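Reading through the structure tokens given below for one structure.
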Amino acid sequence: MNDSSATANLTSVPEETSEEDQNYETATETVNKLPSAFSAKPDRPPIQISSQKYAPIDWLGYFDQEDDIRIQDSNDVFHIYTAGTKGPVVFCLHGGGYSGLSFALSASKMKEKVRVVAMDLRGHGMSSTEDELDLSIETLCNDVLAVLKKMYGDSPPAIVLVGHSMGGSVAVHVAAKKALPSLAGLIVVDVVEGTAMASLVHMQKILSNRMQHFSSIEKAIEWSVKGGSLRNIESARLSIPSTLKYDEAKKCYTHRAKLEETEQYWRGWYEGLSEKFLSSPVPKILLLAGTDRLDRTLTVGQMQGKFQMVVVRHTGHAIQEDVPEEFATLVLNFIHRNRIGPHGVEIPGILRPSVSKP
């Protein structure tokens, strides 16, 4: 579930018992050996065993390449995935416990129109930093700015910051610093200050109740889908492996990010988030999953037309993973509508707003 505890989407916490998990593999093997009552039907597709259905998928074909960004005067190395060669940069920040590959499916559907960059934040994915547990909002913001500086120098292209959950708070705080002159848009995915702050009290319990050890990567992918944290099997097969690490002592896979050891920073992610979001001087959109409600500050801001809001139905917390095509369309439409980039982004079927000549 990871930092989805900071949203109202608390119902997706898996309720499997450890005994069920231990017996699952044996039971599956037994069932697969039994003759099927429908085996005589020629049109019945072959049974897809669990290990095949939940096998990892390589990111190649979704992103174009990966790279390591080494930060000067430190031992910090941030891993990024990139796709596309033209248009503004859509710079993606994942949620707590996720990785840059959380945006893989979405990137594959956007890269013809924009350049997509997805970063593994500190303590996550394949990034390596001196202090993996310093997830303070200040440090996370500085990491993002350092990576952007290293990538683009003093002449960055138009940048749209996209942040999911914890990454959404980082995107908002980066925007609030006004240290990125080429910032052209802000997209926040499924995080609202009021809901997040109210949910922090449950976060440790959710983290401790989730499955902690996996005998294989396939088991972890299966758990994420059956537990409800991800609803798109293809995306889970892409992104979940990068959220794990192998424990040599225990001979199993565990969660890469040690979120349970970063509690001192959680409040800082979300406190004052609504005001900072509204005060950002760039076009902005808030994407919400299901029925999450706005807090008072955002409700007033929406009534005043300070931002666009879209509720994406039939999806879980990770909108960009569950419905990547719809997510990509929302991002591209936002960029087109706000004419972001040298000439905006041309999207078939959408008329460009007319511009009056002087």
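Inspect all residues belonging to the range 80-103 and state whether any of them is of a type in the set (D, E, K, R), open to solvent by 40 Å² or more (accessible area, probe 1.4 Å) and at pLDDT below 70.
Keep residues of the range 80-103 that are of a type in the set (D, E, K, R), which gives 86.
Now narrow it down to the ones that are open to solvent by 40 Å² or more (accessible area, probe 1.4 Å): 86.
Then keep just the ones that are at pLDDT below 70; that gives none.
No.
Of all residues in the range 157-185 being part of a loop (DSSP other than H, G, I, E, B) and not charged (D, E, K, R), which is most open to solvent (accessible area, probe 1.4 Å)? Before the answer, list the steps.
Pass one, the range 157-185, residues part of a loop (DSSP other than H, G, I, E, B): 157-158, 165, 178-182.
Still in the list and also not charged (D, E, K, R): 157-158, 165, 179-182.
On the way: P157: 29, A158: 26, S165: 0, A179: 56, L180: 23, P181: 121, S182: 22 Å².
Step by step, filter the range 157-185, then rank; the result is P181.
If you go through the range 284-293 one residue at a time, do you hit one that is part of a helix (DSSP H, G or I), in contact with a helix residue (DSSP H, G or I) (Cβ under 9 Å, 6 or more places away or on another chain) and surrounded by 16 or more Cβ atoms within 10 Å (Cβ to Cβ)?
We begin by selecting, within the range 284-293, every residue part of a helix (DSSP H, G or I); these are none.
No - not one qualifying residue is present in the range 284-293.
Is it fair to say F334 is more than 27 Å from V225 (Cβ to Cβ) and surrounded by fewer than 21 Cβ atoms within 10 Å (Cβ to Cβ)?
Details: more than 27 Å from V225 (Cβ to Cβ): yes; surrounded by fewer than 21 Cβ atoms within 10 Å (Cβ to Cβ): no.
When the stated conditions are applied, F334 does not pass them.
For the range 250-283, name all the residues that are part of a helix (DSSP H, G or I), among the hydroxyl-bearing types (S, T, Y) and either touching a strand residue (DSSP E or B) at 6+ places or on another chain (Cβ under 9 Å) or open to solvent by less than 70 Å² (accessible area, probe 1.4 Å) (or both). Walk me through how you get there before you give the answer.
Step one: of the range 250-283, the residues part of a helix (DSSP H, G or I) are 259-261, 263-270, 273-279.
In the following step, the residues that additionally are among the hydroxyl-bearing types (S, T, Y) were identified as 265, 270, 274, 279.
Correct list: Y265, Y270, S274.
What pairs come up if the first residue lies in the range 254-265 and is closer than 15 Å to A196 by Cα, the second is in a helix (DSSP H, G or I) and open to solvent by less than 70 Å² (accessible area, probe 1.4 Å), and their beta carbons are under 8 Å apart, counting only those six or more places apart or on different chains?
E263/M203; E263/Q204; Y265/I137
Mind listing whichever residues of the range 262-316 are of a type in the set (K, R) and within 26 Å of G123 (Cβ to Cβ)?
Applying the first criterion (of a type in the set (K, R)) to the range 262-316 yields 267, 276, 284, 293, 296, 306, 313.
If the condition is that a residue be of a type in the set (K, R) and within 26 Å of G123 (Cβ to Cβ), then R267, K276 are the ones that fit.
If D154 passes every condition in (1) in contact with a Lys or Arg (Cβ under 7 Å, 6 or more places away or on another chain); (2) part of a loop (DSSP other than H, G, I, E, B) but one, which one does it miss?
Here D154 meets the rest and fails (1).
Output the residue which, of all residues in the range 209-226 that are in contact with a helix residue (DSSP H, G or I) (Cβ under 7 Å, 6 or more places away or on another chain) and either farther than 27 Å from E248 by Cβ or not in a strand (DSSP E or B) (or both), is most open to solvent (accessible area, probe 1.4 Å). Let's see the steps before the verdict.
The first filter runs over the range 209-226 and keeps only residues in contact with a helix residue (DSSP H, G or I) (Cβ under 7 Å, 6 or more places away or on another chain), leaving 211, 214, 217-218, 220-222, 224-225.
Add one more test, that the residue is either farther than 27 Å from E248 by Cβ or not in a strand (DSSP E or B) (or both), and what stays is 211, 217-218, 220-222, 224-225.
Numbers: M211: 30, I217: 38, E218: 55, A220: 3, I221: 0, E222: 9, S224: 1, V225: 32 Å².
Looking at residues that are in contact with a helix residue (DSSP H, G or I) (Cβ under 7 Å, 6 or more places away or on another chain) and either farther than 27 Å from E248 by Cβ or not in a strand (DSSP E or B) (or both), I get E218.
Which condition from (1) modelled with pLDDT under 50; (2) in a strand (DSSP E or B) is the one that A37 breaks?
(2) is the only condition that A37 fails.
Which condition number does V188 fail, the rest of (1) within 20 Å of S136 (Cβ to Cβ); (2) outside any strand (DSSP E or B) being met?
Only one criterion is unmet by V188, namely (2).
The values are calculated or read from the model by the stated rules, or taken from the named source; none is laboratory data. Quick caveat, the model's predicted, so the values are computed rather than measured. When we count neighbours, we look across all protein chains shown, and the Cβ atoms used for this are built from the backbone with ideal geometry, even at glycine. Accessible surface areas use protein heavy atoms only, side chains included; no ligands, DNA or RNA. Shrake-Rupley method; radii C 1.70, N 1.55, O 1.52, S 1.80 Å.
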